[in-house]
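Below is one structure; the comments refer to it alone.
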Amino acid sequence: MDYSALRHCTELRDAHIVEAVSSSEEMEALLARFVEIAGPGKGAPVILAALARLGTTACDWIDGELRIEISGDSTQTKIAVSSSLGAGFREKCFADTVLRVPHEEFSRLLARAPKLIEPLQVAEKGSRIVLTAPQEVRATSLPPPMVEIDAASLIIVPPQGVPRDLERDAPRAKDPASEPKIVLRPRVKAEGEQKK
């Protein structure tokens, strides 16, 4: 997948995450894009949603326990991902990532949205956060379902108009393309409802 289309961290979607979890190269490519676009207050901690999916059955290229270490200070955050090889040995899953984002942003997101990183377990100590998923958890945890809003469910609400006598500028010609559009859906009668 071409992650260069992501211009803001908050544009990360399920399709990007599903592709990124398919291999270490894809995950590295997504993280590399976040290095380019991340900055303070720009939603970079949403990358945890992609990293959390590594702890589910969606990821079949990591063996053993998954461990994600997030450390940093007021200017940057380092993310290191490894897996357990047994006997105390660990192997890096891909290169460490350093984002120009304060560590506090990650800590704050974990406190406000703990479901974002399920099934990972959290241990936080000072400026270090450790997220883990034992092999048994990874082998039995299904990834969260992909949710998308059907376009037919959306209703476009027109903006509130300003009365003409309150306008400061002279009236302008209306551009038909800029007119608000209202989508109307036919009402379905409830069972047993009488026809009027």
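Computed from the coordinates by the stated procedures, all read-outs in this text should not be read as laboratory data. Everything numeric here is computed off the predicted structure, so don't read it as measured data. Virtual Cβ from ideal backbone geometry, glycine too; neighbours counted across all protein chains shown.
Values as computed for the structure displayed
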| item | result |
| --- | --- |
| Total charge dipole magnitude, the stretch 48-97, about the Cα centre, Cβ charges on Lys, Arg, Asp, Glu only, Debye to nearest 20 | 60 |
| Cα→Cβ-extended label distance, 7 Å offset, between ARG90 and ALA5, nm | 3.5 |
| Given charges at Cβ of Lys, Arg, Asp, Glu: the stretch 3-140 dipole, positive-most of PRO114, LEU131, THR56 | PRO114 |
| Ordering of 91-97, 50-56, 66-72, 115-121 by burial proxy (mean other Cβ atoms within 10 Å per residue, highest first) | 50-56, 66-72, 115-121, 91-97 |
| Relative contact order (percent, whole number), the stretch 1-150, Cα cutoff 8 Å, 6+ residue spacing | 25 |
| Gained length - LYS125 relative to ALA139, 0.36 nm times residue gap less alpha-carbon distance | 2.3 nm |
| Fewest-first ranking of VAL137, VAL46, using other Cβ atoms within 10 Å as the exposure measure | VAL137, VAL46 |
| Other-chain or far-sequence residues with amide H under 5 Å of ARG90's (modelled H) | LEU85 |
| Overall form of the stretch 13-116 per C-alpha gyration tensor (a/c, 1.5; a/b vs b/c) | prolate |
| Cα-centred dipole magnitude for the stretch 3-140, charges only on beta-carbon of K, R (+1) and D, E (-1), debye, nearest 20 | 440 |
| Separation of alpha-carbon centers, the stretch 86-138 and the stretch 36-83, rounded to whole Å | 6 |
